[in-house]
Structure formats: C-alpha cells, structure tokens
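Before any comments, here is the structure.
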Amino acid sequence: MPGYSINGNRLAKNTAYLYIRMLLLMAVNLYTSRVVLHSLGVEDYGVYNAVGGFISMFSMVSTALSTSISRYITYTLGENNLEKLKCIFSTGVIIQIFLSIILILIFETVGLWFLSNKMTIPEGRENAAYFVFHFSVITFVINLLSVPYNAVLIAHERMSAFAYIGIFEGFATLGAALLLNCLPLDSLILYALLMCIVSLVVRIIYGVYCRRHFEETRCKLVFDIFHLKKMLEFAGWNFIGVTSGVLRSQGINLLFNIYNGPVINAARGISMQVFNAVNKFSGSFYTAVQPQITKSWAAGRTQETNKLVCDSSRLSFYLLLLVGIPILTETDYLLRLWLHEIPNATSIFVKIIIIFAFLEAFSQPLVYLMLATGKIRNYQIIVGSLCLLNFPVAWLMLYLGFSPAIAQATTILFSFLSLWVRVFMLHRMTDLSLSYFTYNTFGRACLVTALSMVLPYIISVTYQECALRFIIGTICSEFFAIVFIAIIGLDKKERKNIFNKVKQLVYHAK
C-alpha cells in the first residue's frame with residue numbers, strides 16, 4: 001500500500017497560496033463585474049449571461065468526463081504509479097479532443113436553432129447575440145481542453161502555480177473589461193471576443209507549465225481502451241449528478257430568460273458573481289483538501305479520510321460564514337456601493353444565493369469522498385435524481401406564475417435535502433460517522449451561525465442604512481463570529497493548532 005498520508009503543513013501552505021489568490025481575484029472580479037455591467041448595460045449584460053448560460057448547460061457532458069479524468073489522475077498519484085499516470089493523462093486528452101468535436105457540431109446546429117427560435121433576445125441585438133454565441137463556444141472548447149492539465153497541476157498540489165495563473169487570468173479579464181469603452185466596436189461582441197482570447201492565453205500557460213514540470217504530460221498520446229472504459233463508466237454514473245447541478249444553475253437561468261426576459265438574467269448574473277466571489281473563501285480550501293482526500297483514500301486510510309472530510313466541511317463553512325454574514329445583513333447597501341445600476345430583484349437573488357452557498361459548503365468535501373471511492377452508481381442514482389427534481393419544480397413555479405425569487409429559492413430546499421441524503425449514503429459506503437457529522441460538523445456550525453447573526457441583525461433593523469452602520473455591523477459580526485468559532489466551533493486540538501500557527505506567524509514577523 002502506498003505510503004501517502006495526510007500532510008497538515010502542506011495543506012496549510014497550499015491553502016495560504018489559494019487564499020492570496022482568492023482575495024486578489026475576489027476584488028478584481030467584483031470590480032470587473034461593475035465595469036462590465038456599466039459598459040454593456042442591463043439588457044446586454046443579461047443577453048451575455050443568458051447565451052453563455054445556454055452554452056454552459058452542455059457542461060453536463062464535459063464536466064462528467066472532466067471529473068472522471070481528474071479523479072483518476074489524482075487517485076493514480078496516490079498509488080505512485082507513473083506509467084499508469086501517463087496512460088490515464090494521455091487517454092484523458094484524447095477523450096477531451098473527441099468530445100470537443102462532437103460538442104461543436106451540436107452547438108452549431110441544435111444550439112443555433114434554439115438561440116434563433118426559443119430564447120428572448122431584445123430587438124436589434126440578434127446579430128450581437130450570434131457573435132456572443134460563437135465566441136462562447138470557442139471559449140467553452142478551450143476550457144474543456146485545459147481540464148487534464150489543470151487536473152495534473154492540482155493533483156500534484158502545486159497551488160503556488162495555480163494561484164499565480166489564476167491571478168493573471170483575473171487581471172487579464174479586468175483588462176478586457178476596461179477595453180470595452182476604449183475600442184470603437186460593439187461592446188457586447190468585443191467582450192465575448194476578449195474573453196475568448198483570455199481563455200486561450202491561460203490555456204497555453206497551463207500547457208507550457210505542465211509540460212515543463214510533470215513528466216506524464218510530455219508523453220505521446222496513446223489511446224488505452226482499458227482506462228477509457230473505466231473513465232467512461234465513472235463519467236456515465238457521474239453524469240446524473242453533474243446534469244442536476246447544471247440544470248439547477250444554467251437550466252433555471254434559461255427558464256428565467258424564457259419566462260421573464262434578460263433583465264432577470266442580469267439580476268441573477270450579478271447574484272452569481274457574488275456567489276462565485278464568496279464561494280472562493282471555501283473553494284480555495286476545497287482545492288487544497290481535495291487531493292489529500294483522494295490520495296488518502298487510495299492509500300487505504302479510511303478513518304483518517306472520513307475525519308478529514310467532516311472537519312473540512314465544518315472549517316470551510318466557517319470561512320464562508322465570515323464573509324456571508326455582512327452580505328446578508330447589508331445586501332442593499334453593498335449593491336449600491338458596488339454597482340452603478342442595479343437590476344430589479346438583485347437583492348433577493350443575492351440573499352438566496354448566500355444561503356444556498358452556506359449549505360453547499362457542507363456538501364463539497366462529501367462529494368470528493370464519494371468520487372474518491374469510485375463506487376458512485378447507487379449514490380448518483382439516489383442523490384443525482386433528487387437534485388434533478390429541482391429543475392422541473394422551478395419550472396412549475398414559473399409556469400404557475402410565481403416570482404423568479406420563489407423559483408430560485410427552491411435550490412435551498414433541494415440543497416438541504418441532498419446534503420443529508422449524501423451523509424446517509426456515505427455512512428453506508430465508507431462508514432462515515434453519522435453522529436460525528438450531525439453534532440460535531442453540522443450542529444456546531446449552526447450554533448455558531450445563530451449566535452453570530454444576532455447582533456448584526458439587531459444593528460441592521462435598529463439603525464438607518466449608512467456607511468457607519470455597515471462598518472460597525474461588519475466589525476461586530478466578524479469579531480463575534482471569530483469568538484464563537486474559537487469557543488464553540490473548534491475542538492481543543494484545532495484551537496491549539498491554530499494558536500500555534502498564529503504564534504509562529506507573530507514570531508517570524510518580529
């Protein structure tokens with residue numbers, strides 16, 4: 001059995017790199033959204049999100065295969081088998097090339113028909129929408145071809161390189177946004193073109209770095225039928241879960257376009273920008289912990305892996321909580337501070353998406369454990385089918401005349417239900433402790449959240465909205481959240497480890 005074990009120091013170091021990346025990208029991405037919305041206007045911004053969202057719906061196919069490739073690359077690294085790793089990487093690249101060709105054919109036939117006949121595009125913006133469609137297809141394919149290289153980089157836990165490339169991508173995207181008012185071209189078409197160029201440059205950087213540092217990426221492309229069958233079987237069952245996620249995100253977005261028009265797409269697009277920015281707080285931790293979960297499971301360390309999964313669920317929730325509380329209590333003020341023009345219903349969409357993010361913070365490490373086992377058929381049939389119901393339920397809400405906010409709020413219900421189904425399924429699959437997750441993970445997190453929300457809520461309903469209220473409320477929320485996390489949210493060993501890390505940082509800073 002390979003000698004891989006969970007490395008706390010490497011996990012902390014990689015998390016630090018990713019948090020530096022996250023903080024810079026969050027600031028850059030939020031400012032970029034402000035610039036893009038101002039330059040395009042609400043309707044064009046909604047068109048871009050609707051068309052891009054339609055393209056993203058096809059990621060239900062690509063993501064299932066991409067997850068399979070990433071899982072097998074990371075698992076094989078845990079086994080320490082270089083020849084097998086070369087074969088898996090090579091097969092993964094070939095799979096993505098063939099998939100890209102098939103998807104291009106679908107996009108340029110069925111996709112164009114749907115854009116022309118079913119989507120709501122403002123009069124006079126049809127040609128711009130077609131250009132956005134074609135550039136979005138190219139961007140989608142470029143990102144698809146990058147998957148095996150990104151997977152190798154993360155599997156090797158080279159988070160410093162991942163952070164630097166991500167920061168470059170963020171600033172390149174900002175540069176593209178700033179160019180919108182400088183060039184004499186249609187802003188919507190120009191933005192789609194520039195985003196395509198940014199994706200191509202980033203793809204080249206990933207490829208060059210991986211070929212220089214990782215031997216498995218320099219091998220000749222060899223098509224291995226055995227590993228192909230394994231990855232396709234894994235991807236086939238994973239397709240159910242991926243499809244539910246895509247329909248919950250981009251499928252509901254498409255329904256908003258059909259029933260409510262591009263202005264609601266713009267509001268939801270803004271809320272998704274907030275979600276992506278906030279989710280980076282826990283997402284950075286996920287990226288660092290995922291390889292350790294997979295490698296530890298591959299090495300047969302079942303008990304350690306289960307504990308890592310439960311603890312990382314709780315810790316990632318705390319990271320999200322610290323930024324989520326001020327956004328929930330001061331949503332309207334932050335939106336006015338951030339944007340020149342705020343689409344209708346943006347505030348309620350933001351609140352819903354933050355609560356959804358809180359629940360999803362618990363689930364992601366559970367998903368990594370499920371993928372690490374490789375035994376995903378029953379899991380995906382049960383959990384995936386439950387999540388798939390979210391799309392028709394939201395569709396029914398809109399068909400019956402309910403508001404878009406009600407349709408979006410259904411994601412919270414299904415996220416909560418799927419979380420607990422995951423826990424019970426993994427209890428049977430991996431002997432994950434139900435009591436440990438219920439009381440030590442979920443219970444502690446809920447108690448910390450309830451106590452941390454009291455004072456910020458009192459401040460928000462007692463005083464008039466202004467900068468001073470926001471500053472005082474934020475300071476109080478962060479202070480009390482940190483105190484409650486330290487006293488209630490962490491166990492004795494975790495408090496001691498964090499205290500020692502802080503002591504080391506203070507000592508080295510002197």
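The values are calculated or read from the model by the stated rules, or taken from the named source; none is laboratory data. None of the values given here were measured: they were computed from a predicted structure. Glycine gets a Cβ as well: all are built from the backbone with ideal geometry, and neighbour counts include every protein chain shown.
Does the stretch 207-225 contain any residue that is in a helix (DSSP H, G or I), among the small types (Gly, Ala, Ser) and surrounded by 19 or more Cβ atoms within 10 Å (Cβ to Cβ)? No, the stretch 207-225 contains no residue that is in a helix (DSSP H, G or I), among the small types (Gly, Ala, Ser) and surrounded by 19 or more Cβ atoms within 10 Å (Cβ to Cβ). Scanning the stretch 427-439 for residues that are within 12 Å of residue 362 (Cβ to Cβ) and in contact (Cβ under 8 Å) with a residue 40 or more places away in the chain yields one hit, 437. Within the option set 396, 434, 417, 413, being over 22 Å from residue 293 (Cβ atoms), touching a helix residue (DSSP H, G or I) at 6+ places or on another chain (Cβ under 7 Å) and of a type outside the set (S, T, N, Q) holds for one residue only, 417. Going through (1) of a type in the set (D, E, K, R); (2) modelled with pLDDT under 80; (3) surrounded by fewer than 23 Cβ atoms within 10 Å (Cβ to Cβ) one by one, residue 123 falls short only on (2). Yes or no: the stretch 150-167 includes at least one residue that is among the hydroxyl-bearing types (Ser, Thr, Tyr), crowded, with 18+ Cβ neighbours inside 10 Å, in contact (Cβ under 8 Å) with a residue 40 or more places away in the chain and closer than 26 Å to residue 287 by Cα. The answer is no, given that none of the residues of the stretch 150-167 is among the hydroxyl-bearing types (Ser, Thr, Tyr), crowded, with 18+ Cβ neighbours inside 10 Å, in contact (Cβ under 8 Å) with a residue 40 or more places away in the chain and closer than 26 Å to residue 287 by Cα. Of the numbered criteria (1) closer than 20 Å to residue 145 by Cα; (2) without any contact (Cβ under 8 Å) to a residue 12 or more places away in the chain, the one residue 184 fails is (1). Is it true that some residue in the stretch 427-436 is among the small types (Gly, Ala, Ser), over 30 Å from residue 45 (Cβ atoms), in contact with a Ser or Thr (Cβ under 6 Å, 6 or more places away or on another chain) and part of a helix (DSSP H, G or I)? No, the conditions are met nowhere in the stretch 427-436. Anything in the stretch 455-465 that is touching a residue at least 12 places away in the same chain (Cβ under 8 Å) and not acidic (Asp, Glu)? List them, or say none. Of everything in the stretch 455-465, those that are touching a residue at least 12 places away in the same chain (Cβ under 8 Å) and not acidic (Asp, Glu) turn out to be 455, 456, 457, 459, 460. Sub-7 Å Cβ pairs linking a first residue in the stretch 204-228 that is closer than 16 Å to residue 82 by Cα to a second residue that is part of a helix (DSSP H, G or I) and of a type in the set (Phe, Trp, Tyr), at least 6 apart or interchain, are 210/149; 216/89; 217/89; 217/149, ordered by first then second residue. The requirement of being in contact with a helix residue (DSSP H, G or I) (Cβ under 8 Å, 6 or more places away or on another chain) and either closer than 20 Å to residue 52 by Cβ or of a type in the set (A, V, I, L, M) (or both) is satisfied by residue 132. Under the condition of being among the aliphatic types (A, V, I, L, M) and crowded, with 17+ Cβ neighbours inside 10 Å, the residues counted in the stretch 94-120 number 5. Here 138, 142 are screened, and the one residue that is in contact with a Lys or Arg (Cβ under 6 Å, 6 or more places away or on another chain), under 21 Å from residue 51 (Cβ atoms), touching a residue at least 40 places away in the same chain (Cβ under 8 Å) and crowded, with 18+ Cβ neighbours inside 10 Å is 142. Is at least one residue of the stretch 440-448 more than 15 Å from residue 363 (Cα to Cα) and crowded, with 21+ Cβ neighbours inside 10 Å? Yes, the conditions are met somewhere in the stretch 440-448.
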